[in-house]
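To start, the structure under review is shown below, and the notes come after it.
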Amino acid sequence: MRISVFGLGYVGAVSAACFAKSGHTVVGVDPDENKLRPIREGESPIVEKDLGEYLAESVAAGRLSVTSSAKDAVTATDVSLICVGTPSRPNGSLSTEYIERVCSEIGEALRDHDGYHCVVIRSTLVPGTFESLVIPTLERASGKKVGEGFGVAMNPEFLREGSAIFDFHNPPFTVIGTPFDRDFELVAAIYEGVQAPVFHTRLREAEMIKYVCNWFHALKVTFTNEVGMMCKAEGVDARRVMEIFCLDTKLNISTYYMKPGFAFGGSCLPKDVKAAVYRSRQLDIPLPVLEAIMPCNKLQIERLVERIQRYGKKQIGLLGLSFKPGTDDLRDSPLVTLAEHLIGKGYRLRIFDPNVSYAALFGSNKAFIEKEIPHIAEILSDDADEVIREAEVLIFSHNAPEFASLAPKTRAGQLCIDLAGVGRPEDYGGSYEGLYW
């Protein structure tokens with residue numbers, strides 16, 4: 001295929017070299033002669049393992065050339081990859097001036113271009129930038145409509161400095177966000193030699209995925225360093241602790257807990273997080289990430305209460321009360337806290353949980369719930385149909401078969417809020433609304 005790469009900095013130079021190495025014809029575009037000159041001579045403008053060899057081979061074979069003319073590049077290619085920087089402004093927002101400038105140049109080149117051309121962005125963008133900036137700029141400069149005269153796609157890169165060539169050929173996945181099947185197939189074709197799953201997403205999803213990856217990487221570094229500070233103060237080798245920690249691929253390094261949902265609870269996690277925060281303060285060690293966990297967990301409950309308040313309905317049905325399905329443990333259950341908040345704000349609440357019977361509660365479990373909700377016996381029902389029948393708003397809180405089977409029993413005009421991915425949206429008789437989906 002014929003590909004133009006706009007911006008020959010780190011991502012652009014590596015992308016241009018790797019696509020040319022894969023057999024595509026590539027035109028690199030940059031206004032900076034200091035970047036064009038070394039590439040034109042088959043040399044790398046940056047320090048990166050194997051990049052110089054890739055560039056030298058591709059330039060010698062005639063598969064890679066460079067220019068400062070956007071019009072020449074667009075005219076000679078079918079796909080344009082935008083790899084310019086999106087640096088931070090002083091207030092933390094992203095600067096998109098380079099994106100806008102390049103889109104304007106490409107749009108002007110497309111004005112007199114007869115063939116269909118796909119504009120692909122690899123730069124990091126805030127979700128919504130395609131709709132608010134990229135597409136309007138291209139349409140205004142070209143005089144054409146997206147999906148007709150030209151296509152668009154978001155194709156985030158996942159290249160690490162120092163191993164970018166390896167990462168290009170061995171990515172965890174390839175994400176192509178576009179509303180058009182034609183553009184998805186066009187962009188997917190340039191990755192035919194790369195062995196990785198390819199995902200076709202919406203534009204906003206593709207924009208968001210890159211951010212989520214980087215947020216998590218930053219969180220892992222910070223979390224691990226907080227572990228290090230705590231371990232050092234306790235006379236523990238943090239390297240050994242994290243070495244063993246990472247061997248758990250069932251919970252620690254896994255997909256477990258990585259699905260959006262409601263707040264956590266139970267007798268372990270809240271207790272241990274609070275104990276760690278208390279201990280760190282005794283040792284005079286600030287652990288801001290760890291200290292933020294419980295306030296963030298509490299925020300999940302508060303936001304749901306605010307959401308329910310906006311509906312203006314007073315009769316609420318809560319399906320699930322224990323801290324997770326398959327147990328009757330109510331201690332530190334976020335659903336108990338939710339129920340308490342709703343009752344305190346004057347909502348009429350009925351609760352059904354097949355694993356929780358007031359008559360069967362005893363010990364610390366019973367003491368806890370009676371303290372939190374003194375009249376629990378009056379609002380806890382053993383009849384799911386009754387709770388569904390009386391409710392204007394139904395909250396599905398446990399992802400378990402017994403709760404999914406209740407979805408078809410909901411009725412038109414009833415609002416169903418799903419906190420845990422309970423069943424399929426189309427299974428609900430009432431109006432379905434996912435917590436974060």
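The values are calculated or read from the model by the stated rules, or taken from the named source; none is laboratory data. Quick caveat, the model's predicted, so the values are computed rather than measured. Note that we place each Cβ from the backbone using ideal geometry, even for glycine, and neighbour counts take in every protein chain shown. Protein only, heavy atoms only, side chains kept; ligands, DNA and RNA dropped before computing areas. Shrake-Rupley method; radii C 1.70, N 1.55, O 1.52, S 1.80 Å.
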Pick from V74, V5, V14: which is in a strand (DSSP E or B) and surrounded by 24 or more Cβ atoms within 10 Å (Cβ to Cβ)? V5
Would the range 264-276 turn up any residue that is farther than 30 Å from F396 by Cβ, modelled with pLDDT of 95 or more and over 21 Å from the mean Cα position of the chain (by Cα)? yes
Exactly one of S22, S69, S58 is open to solvent by less than 40 Å² (accessible area, probe 1.4 Å), under 18 Å from A164 (Cα atoms), among the polar types (S, T, N, Q) and out of contact with any Asp or Glu (no Cβ under 7 Å at 6 or more places or on another chain), and that one is S58
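Filter the range 226-258 for residues that are of a type in the set (V, I, T) and within 29 Å of the chain's Cα centre (by Cα); which is nearest to R281 (Cα to Cα)? Give the derivation first.
In the first step, residues of the range 226-258 are kept if they are of a type in the set (V, I, T); the result is 227, 236, 241, 244, 249, 253, 255.
Remaining after also requiring within 29 Å of the chain's Cα centre (by Cα): 227, 241, 244, 249, 253, 255.
Numbers: V227: 14, V241: 21, I244: 26, T249: 31, I253: 28, T255: 32 Å.
Step by step, filter the range 226-258, then rank; the result is V227.
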Out of the residues in the range 123-165 that are under 23 Å from V11 (Cα atoms) and of a type in the set (D, E, K, R), which is surrounded by the fewest Cβ atoms within 10 Å (Cβ to Cβ)? R160
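Could you check, for the range 307-325, whether at least one of its residues is free of Cβ contacts under 8 Å to residues at least 24 places away in the same chain and within 28 Å of the chain's Cα centre (by Cα)? Write out each step before concluding.
Taking the range 307-325 first, the residues free of Cβ contacts under 8 Å to residues at least 24 places away in the same chain are 310, 312.
Restricting the remaining residues to those that are within 28 Å of the chain's Cα centre (by Cα) gives 310.
Among the residues of the range 307-325, at least one is free of Cβ contacts under 8 Å to residues at least 24 places away in the same chain and within 28 Å of the chain's Cα centre (by Cα), which makes the answer yes.
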The number of residues in the range 25-47 that are open to solvent by 20 Å² or more (accessible area, probe 1.4 Å), in a loop (DSSP other than H, G, I, E, B) and over 20 Å from I99 (Cβ atoms) is 6
Residue by residue through the range 103-112, note down the ones that are over 18 Å from F180 (Cβ atoms) and of a type outside the set (S, T, Y). E105, E108, A109, R111, D112
Restricting to the range 173-193, and then to whatever is touching a residue at least 40 places away in the same chain (Cβ under 8 Å) and assigned to a loop (DSSP other than H, G, I, E, B), can you tell me which residue is most open to solvent (accessible area, probe 1.4 Å)? G193
Please list, ordered by residue number, the strands (runs of 3 or more DSSP E) wholly in the range 339-437 having 1 or more residues that are open to solvent by 60 Å² or more (accessible area, probe 1.4 Å) and modelled with pLDDT of 95 or more. 348-352, 431-434
